[in-house]
Amino acid sequence: MSLTQIKKLRELTSLGIKDCKKALEKAKGDFDKALKLLKEKGAQVMEKKKARQTSQGLVDAYIHFGGNLGAIVEINCETDFVARTDVFKQFVKDVAMQVAAASPDYIAKDDISKEDLKKIDNIDEYAKDKCLLEQVFIKDNKITMGQYLHDAVSKTGENIVIKRFARFVLGEENES
């Protein structure tokens, strides 16, 4: 186990040095195993935080260069303190940009309407295209928006919920 490994784990997971060191010790120095352990731990933490109420947050918009495309999003968190942090603000801006660029119809798989489910042959392929949390993040194609949300929750220590969004294209009718 080296300081370089701990630093790399910290960068990848946004967890504390102590957590990264413990994971490496538990994995007997195997970096990939330690990373897997930390991701599992992060998923458990995120699951616990899902029950927390999110009554604070931000509404923000992204307008594409030229003004012919835009999106507006509402993203909630637990406290106004977190809503004012750079991490949260950047997350909100990135979600608005993702919505404008990738044109999702739903936030998550669970939100897909029964009518659409009847028409879909491959739910996973459809979700990758039409569900925001399943889409590849446009600013980092190595992660999904769901993973990016998980990272934001890890960094802020609070539950974060993408509440709603709308996308606007000049000349198109908005269905909402």
(request) Name the longest site-free stretch of the chain, where the excluded sites are trypsin sites (Lys or Arg not before Pro) in a DSSP loop with no more than 15 other beta-carbon atoms within 10 Å. (result) 85-138
(message) Checking the table Lys33/Lys142; Lys33/Lys139; Lys7/Lys93; Lys33/Lys109; Lys21/Lys109 against a 23 Å threshold on Cα-Cα, which pairs fail?
(response) Lys33/Lys139; Lys7/Lys93; Lys33/Lys109; Lys21/Lys109
(message) Taking 0.36 nm per residue of sequence separation and subtracting the Cα-Cα distance, how much length would be gained by fully extending the chain between Ile138 and Ala101, in nm to one decimal?
(response) 12.5 nm
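Stretch Asn68-Arg84 to full length: gain in nm at 0.36 nm per residue minus the Cα-Cα span?
Full-extension gain reported as 2.9 nm.
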(request) Measure nothing but the geometry: give the 0 to 90° angle between the long axis through the Cα atoms of 145-156 and the longest principal axis through the Cα atoms of the chain, rounded to 10°. (result) 60
(message) Once you place label points 7 Å from the Cα toward the Cβ at Lys26 and Ala108, how far apart are they in nm?
(response) 2.4
(message) What distance in nm separates the two pseudo spin-label positions at Lys18 and Glu125, each 7 Å out from Cα along the beta-carbon direction?
(response) 4.8
(request) Compare Ser154, Ser113, Ser55 in a GNM of the chain, Cα atoms joined below 10 Å, and give the one with the largest fluctuation. (result) Ser113
(request) Have a look at Phe91, Phe137, Phe65 and tell me which one the Gaussian network model of the chain (Cα, springs below 10 Å) gives the largest fluctuation. (result) Phe65
(request) With an 8 Å cut-off on Cα pairs and a minimum separation of 6 or more residues, tell me the relative contact order of the chain in percent. (result) 24
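No value in this document is a laboratory result; all are computed from the given coordinates. The structure displayed is predicted, hence computed values, not measured ones. All Cβ positions, even for glycine, are placed from backbone atoms using ideal geometry, and neighbour counts span all protein chains on display.
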